[in-house]
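The next block holds one structure in the form of structure tokens; read it before the comments.
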Amino acid sequence: MDFTFDEQQLAVLELAEQILADRATPDRLNALDASGDGFDDKLWADLAEAGLVGVALPEDHGGGGAGFAELCVAIEAAAEHAAHAPLYEAVLLGALPVARFGTAEQRARLLPGVVTGEILLSAALAEPGGNTPYAPATTAVPCEDGSWRLHGVKTLVPLADRARRVLVPAADEHGRTGVFLVDPGAHGVRAGRQDTLTRRPVYELELDGACVTADDVLRPPGDGGELLDWLLPRATAGLCVQQVGVCTEALRLTAGHTTSREQFGRPIGTFQAVTQRIADAYIDTEAIRLTAWQAIWLLDQDVPADEEVAIAAWWAAEAAPRVLDATQHLHGGIGADLDYPLHRYFLLGRWNELALGGPARHLHRLGTLMAGTATPQP
């Protein structure tokens, strides 16, 4: 494996860094936080115009035709800038499954608008009871005209206030799981805002007989497992690469602070205890980076990567909190100042950790994979 970025990936990184550095400024981020809006319309339009929103989507629908790795390059850059740009939520969770599993009509109806930034997609993978997407409590009842009625509750759904469609796993009366494209503004759907520690809202979707036409069935009951087998490892890897961006920038801020902050007549970064703490944080960050990109590289090649994804998820959930705690500690009081950018990375990292489910979960899964007793990834 060679994790060195190739020419195309470096071009994506350079373009993303240029746009994000110009648009995701501290003043802009402060304004978005104050507004309570988790979406930056102007930044999203710029990313779409530059071809970054559609970089991994098919060329015949206006996309760049690149792979999963190129999208992850852009996702890492967005996390490094703490940008309000939902490449993970709208593209990885929403658009990529449509591109991979959608009908020709679904792809033609949705993907060109995603590429131009006019259409947002999302996914509702979590439920209040902790049910997995493979065995959701949300039910799907067939109608005579080929449509379905969905009943249940989904939680922590991103972009439900503005998404055109949300991918919703639901099970029929026989317990067979399908995946449906739900209009969050349709009759029978209620979206209730949930405020998070990142100050970027998500939503609880209550489905009370929400009608899904035959044209919006992404995978019928019984065929949803194939889509989930493909999507969930990539969703986990996407969270891991977000942790890479978060830890990288938090560490960079800390290096700058400990170089300029003086105590007892010299920079605090020259003290052995501080140096050792930064070195440990750097090692952890590089371990998160290496394992995340190992998993991404394999997934980009469509090679089975269950063990590598579990390893990456363990490092992202276990080591990132150590990095973020160290960066907060080494900043002293300024680390808790909301006018200073470090707090964004601390909160985003904690959110990623919680979204991953904690390190013990992935350590247990890795053990079952090595023992050959693993069940489908939850």
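Odds and ends about this structure:
- Test: residue in the stretch 152-160 that is farther than 19 Å from LEU121 by Cβ, at pLDDT 95 or above and of a type outside the set (Lys, Arg): yes
- Filter result (small (Gly, Ala, Ser) and open to solvent by 20 Å² or more (accessible area, probe 1.4 Å)) within the stretch 155-187: GLY175, GLY185, ALA186
- THR236 vs. criteria modelled with pLDDT under 95 and not in a strand (DSSP E or B): no
- Taking residues in the stretch 352-366 that are among the basic types (Lys, Arg), and partners anywhere that are modelled with pLDDT of 90 or more, the pairs with Cβ atoms closer than 6 Å and at least 6 places apart or on different chains are ARG365/ALA310.
- Residue within the stretch 219-239 that is over 24 Å from LEU363 (Cα atoms), touching a residue at least 24 places away in the same chain (Cβ under 8 Å) and among the basic types (Lys, Arg) present: yes
- Pairs with Cβ under 9 Å, 6+ apart, first in the stretch 124-152 and under 17 Å from THR213 (Cβ atoms) and among the acidic types (Asp, Glu), second outside any strand (DSSP E or B) and open to solvent by 20 Å² or more (accessible area, probe 1.4 Å): ASP145/THR213; ASP145/ALA214
- A single member of THR373, THR285 is of a type in the set (Val, Ile, Thr), open to solvent by less than 10 Å² (accessible area, probe 1.4 Å) and either part of a helix (DSSP H, G or I) or modelled with pLDDT under 95 (or both), and it is THR285.
- Screening the stretch 102-180 for strands (runs of 3 or more DSSP E) wholly inside it with 2 or more residues that are of a type in the set (Val, Ile, Thr) and in contact with an Asp or Glu (Cβ under 7 Å, 6 or more places away or on another chain) returns the ranges 148-157.
- All positions within the stretch 92-137 that are of a type in the set (Ser, Thr, Tyr), surrounded by fewer than 23 Cβ atoms within 10 Å (Cβ to Cβ) and modelled with pLDDT of 95 or more: THR103, THR116, TYR134
- Unique residue being crowded, with 18+ Cβ neighbours inside 10 Å and in a helix (DSSP H, G or I) when the list is ALA279, ALA273, ALA316: ALA316
- In the stretch 301-323, the residues that are over 16 Å from ALA281 (Cβ atoms) form Cβ pairs under 7 Å with partners that are open to solvent by 60 Å² or more (accessible area, probe 1.4 Å), at six or more places apart or across chains, as follows: TRP314/LEU363.
The values are calculated or read from the model by the stated rules, or taken from the named source; none is laboratory data. These numbers were taken from a predicted model, which means no experiment stands behind them. Here the Cβ is made from the backbone with ideal geometry for all residues, glycine too, and neighbour counts use every protein chain on show. The protein model used for the area step is the full one, side chains on, heavy atoms only, and it has no ligands, DNA or RNA in it. Shrake-Rupley method; radii C 1.70, N 1.55, O 1.52, S 1.80 Å.
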